[in-house]
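Report on the following structure.
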Amino acid sequence: MWELIQSNKRKSLILFLAMGIILLLLGYFIGGMFLGTNGGGELGVFFALLIWAVVSLVSYFAGSSIMLSVSRAKEVTKEVHPQLFNIVEEMKIASALPKIPKIFIINEEAPNAFATGRSPENCAVTVTAGLLSRLNRDELQGVIAHEMSHIKNRDILYMTFAGVMLGTIVIVSEVFLRGLWFGGGSLNRYKNRSSGGGSGQAVIAIAALVLAILAPILARLLYFAISRKREYLADASGVRLTRYPEGLASALEKLADNRLDLRAANKATAGMYIVNPLKKKGMKLSDLTSTHPPISERVRILRNMSQGAGYMDYQNAYMKVKHKTERLIPNSVLDSNEKVTIRDTSVSKETIDKKNYRRNLGDLVMNVNGYSFVHCVCGLTLKIPPTYKKSEIKCPRCGRINKVPPRNKL
Amino acid sequence: MSAFLIFIVLIVLVGFFFAGMYNSLIKLRNRVKNAWSQIDVQLKRRHDLIPNLIETVKGYMTHERDTLENITKARAGAMGASSVAEKAKAESALSGALGKFNLVVENYPDLKANQNFLALQEELTSTENKISFARQSYNDQVLFYNNKIEMFPSNIMANMFNFKQEEFFEVENEAEREAPKVKFN
Amino acid sequence: MNCPHRKNPMIVLELANVETDYCPNCEGIWLDSGELELLIEDSSVKDELLNFFISDKQIKEKAIRCPICRTKMEKVYVGKEEKVIIDECKHGHGLWFDKGEILEVIEMGSLNKENEIVKLLMEMYSHKISPNKKEEG
């Protein structure tokens, strides 16, 4: 496990550095173009780094709370969903994390999940109500194991920094290109103003232009490459924790079946979820520009793990499905000659009353959100948000006036 | 003179290297210990849950006195066990008794509709899972620690300071080890 | 969720395990398609309702925004001579009925009254239906 984290760190670091170099080059050439060859490039590099550092610091300290509030996630206690809490604790034990992560629920139908946090000591797992109502225990365990593996493998931190770096590159290029466009022929002005050799400056200007166009594309490809790899790895380590590939496989299948968009997600946060929360209708996202590997492929890999639930088994299944000899998991881990047998679980029967279950769960989440409940004598239940200020409400079914009880203070 | 200085610097560096290696061995050994205590915590939790469970189901399962008595006995045995081997045996017996109980539960639809029982059953399922995950995690730590002790260069250190290989937590009989299957329908 | 008209908080009504959103201020009703999808197993029932309305870009009524995605909703109508105009989210989030519109639509008679959703809606907002009309349904 630790070796995996180590080598994981190295690999991500290389891709991460590649993105850094793109950012520095961008800064260097743009700076050189605007401020002249004497020190301009260095100044550009300095500014690029400064922007990146500031945004990184903000996302390091506030990233997860921003993510959680943007997605309208609510922290819940064990009473709201004991099973979810138990499963998270089970995975905490299996993965030997130092602390149980905080648990959040988003009250939405679209099934999805994500993990946030800068370190294993300071992290959270979030699931949607739709996920809880659709998955059985083993499937939920598979999803939670995947998310906890992201925490364990330190993926969140990397993806946050890489995401911020990508954002910085995109913004710097965009501002530069727009500036050129609106400046109108200013390229010449900068070329002539320079004190040094004119042709050298022109070369720099052209390099800056080319870079500004190419850098965002390149950075995006790198970012997506890191992201996809980490999804596979989280699948592999998740399954190694639960010893039950079928749980995650059938959960992923159920998630793929879903046709609802997650309302709380947007382009910036989409990469954090276990499956892409935004589905473009009638468009198949190309492999290169997707943060997630295709679900069908992830499922096929998991289903091919007939020998066991270890890293070696995942690696073999990965190569078999992808027809590639690419090393997904480093040798240092694979060599440890381990035998990880697949757990034999009872396939849980799904006979729970789904509507009822879903309703109870929704009510609990509303309760957490400070809703008050009025049961009219005619049988209608009125669920009143804390923002409703009046003390009475008329029942639209029977016309009776009901009193609104004082709501729970949050 | 300068050769002597270089020699001193080398000695210090090597010293640091070995100190670091020693510390990492200690850290790994502590992880193993910690993982072991996790198993104990969960076993204790299981013992605590059982009286509650028996109390809840007693009224429903009037014909299953034997099954319930077996659980109570197995629990008492597990709590009284002192040596590790004894403990492992007693705990497997308890797992077996609970497994039988879960099979019998299927015949009591009333019981399965009882909210209180369902909550207890979820706790029990989870505790069984936690026990097996704690074992799994313990074995992971032991494997890693043992590998470190065997491999160069940390094996020198391990020999010098008498770091011993830790034993895996194996249960002789696979069938016994199996956590009882609790369905949550 | 807030009412698309005045941003007043909407309350949630539940009957027989189905929820709808209701604005106590303007008495408008929001029918959420995600909710319908989950709770009505037969998706043809939902599609029947959603495809029942005809889109018309010509309608000059003030556009309101979907309470979920905040984009402007489309005007759709039903009926031949006397049209009832309601609002539908372009992204398929749901339907908005202004005060009384839901009953007008139902009373026009062309909606299948055996449709589970229609039945439930009539039951949920039955206070406004006059007793004789109720019997007809």
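The values are calculated or read from the model by the stated rules, or taken from the named source; none is laboratory data. If you're wondering where the values come from, they're calculated on a predicted model, not measured in any experiment. Here Cβ is always computed from backbone atoms with ideal geometry, including for glycine, and neighbour counts include all displayed protein chains.
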Item to complete: Might you let me know whether the stretch B:110-122 holds any residue that is part of a helix (DSSP H, G or I) and within 9 Å of chain A (Cβ to nearest Cβ)?
Response: yes
Practice prompt. Scan the stretch A:62-82 for residues that are in a helix (DSSP H, G or I) and either within 17 Å of the chain's Cα centre (by Cα) or crowded, with 20+ Cβ neighbours inside 10 Å (or both) and jot them down.
Written response: A:A62, A:G63, A:S64, A:S65, A:I66, A:M67, A:L68, A:S69, A:V70
Worksheet item: On the given criteria, is B:F144 touching a residue at least 40 places away in the same chain (Cβ under 8 Å), part of a loop (DSSP other than H, G, I, E, B) and either among the aromatic types (F, W, Y) or touching a strand residue (DSSP E or B) at 6+ places or on another chain (Cβ under 7 Å) (or both)?
Response: no
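Residue by residue, here is whether (1) hydrophobic (A, V, I, L, M, F, W, C); (2) surrounded by fewer than 22 Cβ atoms within 10 Å (Cβ to Cβ); (3) modelled with pLDDT under 90 holds:
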| site | (1), (2), (3) |
| --- | --- |
| A:L97 | yes, yes, yes |
| A:K102 | no, yes, no |
| A:E109 | no, no, yes |
| A:A115 | yes, no, no |
| A:N122 | no, yes, yes |
| A:V125 | yes, no, no |
| A:E139 | no, no, no |
| A:I144 | yes, no, no |
Discussion item. Any residue at all in the stretch A:349-360 that's modelled with pLDDT of 70 or more and of a type in the set (D, E)?
Written reply: no
Worksheet item: Before we move on, is A:E108 within 14 Å of chain B (Cβ to nearest Cβ) and either of a type in the set (D, E, K, R) or assigned to a helix (DSSP H, G or I) (or both)?
Response: no
Worksheet item: Which condition does B:S24 not pass, out of (1) free of Cβ contacts under 8 Å to residues at least 60 places away in the same chain; (2) in contact with a Lys or Arg (Cβ under 8 Å, 6 or more places away or on another chain); (3) among the hydroxyl-bearing types (S, T, Y), if it passes all the others?
Response: (1)
Item to complete: Only residues that are modelled with pLDDT of 70 or more and of a type in the set (S, T, Y): list them for the stretch A:301-348, please.
Response: A:S306, A:Y311, A:Y314, A:Y318, A:T325, A:T341
Response to the item:
Considering the stretch A:216-268, residues that are part of a helix (DSSP H, G or I) and acidic (D, E), and then whichever is surrounded by the fewest Cβ atoms within 10 Å (Cβ to Cβ), we arrive at A:D257
Item to complete: Could you grab me the full set of residues in the stretch B:34-71 that are away from every other protein chain (no Cβ under 14 Å) and either outside any helix (DSSP H, G or I) or more than 16 Å from B:L120 (Cα to Cα) (or both)?
Response: B:G59, B:Y60, B:M61, B:T62, B:H63, B:E64, B:R65, B:D66, B:T67, B:E69, B:N70
Worksheet, complete the sentence: Per the filter on the stretch C:49-75, residues at pLDDT 75 or above and of a type in the set (F, W, Y) are C:F53
Worksheet, complete the sentence: Output for Cβ contacts, cut-off 6 Å, separation at least six or different chains, first residue facing another protein chain (nearest Cβ under 7 Å) and over 14 Å from A:P405 (Cβ atoms) in the stretch A:378-391, second among the charged types (D, E, K, R) and not in a strand (DSSP E or B), reads A:L380/A:R397
Worksheet item: Which one is modelled with the highest pLDDT, of the residues in the stretch A:1-19 that are buried (at least 19 other Cβ atoms within 10 Å of the Cβ) and part of a helix (DSSP H, G or I)?
Response: A:M19
Item to complete: Within the stretch A:124-172, count every residue that is in contact with a Leu (Cβ under 9 Å, 6 or more places away or on another chain) and assigned to a loop (DSSP other than H, G, I, E, B).
Response: 2
Fill in: Filtered residues of the stretch A:23-60 (kept if without any contact (Cβ under 8 Å) to a residue 12 or more places away in the chain and closer than 20 Å to A:C123 by Cα)
A:L57, A:V58
